[in-house]
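Novice: A single structure is presented below for examination.
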Amino acid sequence: MTPNKYNATVVQKIQIRPNLMILRVATDEPRTKFAAGQYTTLGLYGYEPRSENSEPEAIPSKPDKLIQRAYSIASARHETQQFEFYISQVKTGQLTPRLFHLEVGDRVFVGRRIVGVFNLSDAPKDADLVMIATGTGITPYISFLRSHIMERPESKMVVIQAAAHQGDLGYFSELSFLNNAFPNFYYLPTLTDADETWPGLRLWIEELLDSGVLAEKAGVVCDPQKTHFYLCGNPIMVENVSKWLSEHGYEKKTRKTEGTLFVEEF
């Protein structure tokens with residue numbers, strides 16, 4: 001067997017739910033400074049064991065093949081040798097069940113290139129920002145906030161995070177802390193299947209936008225001239241909210257257009 005390409009070590013694993021975890025790894029060599037919101041690849045060989053609660057692979061892996069997938073980085077942009085990832089297990093997948101089997105001290109592959117155009121560089125520093133997420137789509141926003149929240153005091157920054165249950169709200173404690181610590185940051189979690197103990201919003205994202213909660217809670221208006229929107233998460237959510245925003249004057253930012261709606265495609 002040829003030598004493996006592993007170049008990083010697991011330094012922390014936080015199991016949030018059976019199929020959700022935060023994984024922190026230290027690379028053997030530092031990477032170049034990156035832009036908050038970008039992504040890199042993680043990889044393991046097909047011979048690595050799978051998690052105990054995984055299911056048979058939909059497509060069997062080859063033992064000697066390095067299985068690689070792209071993951072957004074949650075770390076601040078100045079962290080160039082320790083990287084944090086928020087990962088959801090696909091039980092029949094090739095890579096995530098193997099990632100979920102990792103423990104502190106285990107080795108893993110981390111790509112040398114960090115890429116992606118889902119960042120704040122096109123949003124003026126005085127523009128208000130609304131970042132909407134479901135699932136692991138919260139990850140790039142954590143990097144945004146860890147990297148830039150202190151650099152944008154004139155910009156209102158809002159995170160709308162939707163989930164079924166409170167336990168599915170990744171980074172809930174950190175976002176709640178920021179909500180209390182920074183006067184220009186607003187955290188609006190909303191649950192679609194909350195129990196009686198949940199004191200917060202119980203709206204679908206489009207309902208939340210229609211309800212005027214943004215203006216009421218954060219003083220932010222859905223106006224392309226004043227507010228930039230970021231969407232990341234479930235493709236159905238992205239499609240539905242993109243449609244809602246397009247009906248309110250928003251145009252998607254592309255390489256050819258200067259829109260104020262930014263979408264990270266999963």
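The values are calculated or read from the model by the stated rules, or taken from the named source; none is laboratory data. Note that the structure is predicted; figures quoted are calculated from it, not measured. For neighbour counting, all protein chains shown are included, and Cβ atoms are generated from backbone atoms with ideal geometry for every residue, glycine included.
Novice: Filtering segment 168-221 down to residues that are assigned to a loop (DSSP other than H, G, I, E, B) and of a type in the set (S, T, N, Q), which residue is nearest to I142 (Cα to Cα)? Outline the logic, then answer.
Specialist: Our first condition is that a residue be assigned to a loop (DSSP other than H, G, I, E, B); within segment 168-221, this holds for 169-171, 182-184, 192-200, 202-204, 212, 219-221.
Going one step further and asking which of them are of a type in the set (S, T, N, Q), we end up with 184, 192, 197.
On the way: N184: 16, T192: 22, T197: 26 Å.
So the residue we want is N184.
Novice: For the subset of segment 157-172 comprising residues that are out of contact with any Leu (no Cβ under 7 Å at 6 or more places or on another chain) and under 19 Å from K217 (Cα atoms), which member is surrounded by the fewest Cβ atoms within 10 Å (Cβ to Cβ)? Talk me through it step by step, then tell me what you get.
Specialist: From segment 157-172, those out of contact with any Leu (no Cβ under 7 Å at 6 or more places or on another chain) are 162, 167-169, 171-172; that's our starting set.
Those still in the list that are under 19 Å from K217 (Cα atoms) too: 162, 172.
Values: A162: 26, F172: 17.
Among residues in segment 157-172 that are out of contact with any Leu (no Cβ under 7 Å at 6 or more places or on another chain) and under 19 Å from K217 (Cα atoms), the one surrounded by the fewest Cβ atoms within 10 Å (Cβ to Cβ) is F172.
Novice: For segment 222-262, what are the residues that are touching a residue at least 40 places away in the same chain (Cβ under 8 Å) and not in a loop (DSSP other than H, G, I, E, B)?
Specialist: Selection gives T227, H228, F229, Y230, L231, C232, M237, V241, F262.
Novice: Further, regarding this structure: What pairs come up if the first residue lies in segment 199-221 and is touching a residue at least 12 places away in the same chain (Cβ under 8 Å), the second is in a loop (DSSP other than H, G, I, E, B), and their beta carbons are under 6 Å apart, counting only those six or more places apart or on different chains?
Specialist: From segment 199-221, the pairs are R202/A194; L214/V220; A218/K156; V220/K156.
Novice: May I ask you to say which residue of A70, A76, A58, A35 is in contact with a strand residue (DSSP E or B) (Cβ under 6 Å, 6 or more places away or on another chain) and farther than 18 Å from D106 by Cα?
Specialist: Working: A76 fails: in contact with a strand residue (DSSP E or B) (Cβ under 6 Å, 6 or more places away or on another chain); A58 fails: in contact with a strand residue (DSSP E or B) (Cβ under 6 Å, 6 or more places away or on another chain); A35 fails: in contact with a strand residue (DSSP E or B) (Cβ under 6 Å, 6 or more places away or on another chain).
Just a single option satisfies the conditions, and that option is A70.
Residue-by-condition table, conditions (1) of a type in the set (G, A, S); (2) at pLDDT 95 or above; (3) over 20 Å from Q161 (Cα atoms):
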{"position": "F229", "(1), (2), (3)": "no, yes, no"}
{"position": "M237", "(1), (2), (3)": "no, yes, no"}
{"position": "V241", "(1), (2), (3)": "no, yes, no"}
{"position": "E247", "(1), (2), (3)": "no, yes, yes"}
{"position": "K253", "(1), (2), (3)": "no, no, yes"}
{"position": "E258", "(1), (2), (3)": "no, no, yes"}
{"position": "F262", "(1), (2), (3)": "no, yes, no"}
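Novice: Here's something else I'd like to know. Report the residue count in segment 168-192 for those that are within 21 Å of F85 (Cβ to Cβ) and among the hydrophobic types (A, V, I, L, M, F, W, C).
Specialist: Residues meeting the conditions: 5.
Novice: Here is a further query. Looking only at residues that are at pLDDT below 95 and of a type in the set (A, V, I, L, M) in segment 1-55, which one is farthest from V115 (Cα to Cα)?
Specialist: Going through the qualifying residues, I end up with M1.
Novice: Of everything in segment 203-227 that's surrounded by 13 or more Cβ atoms within 10 Å (Cβ to Cβ) and touching a Gly at 6+ places or on another chain (Cβ under 9 Å), which residue is nearest to T134 (Cα to Cα)?
Specialist: By that ranking, first place goes to C222.
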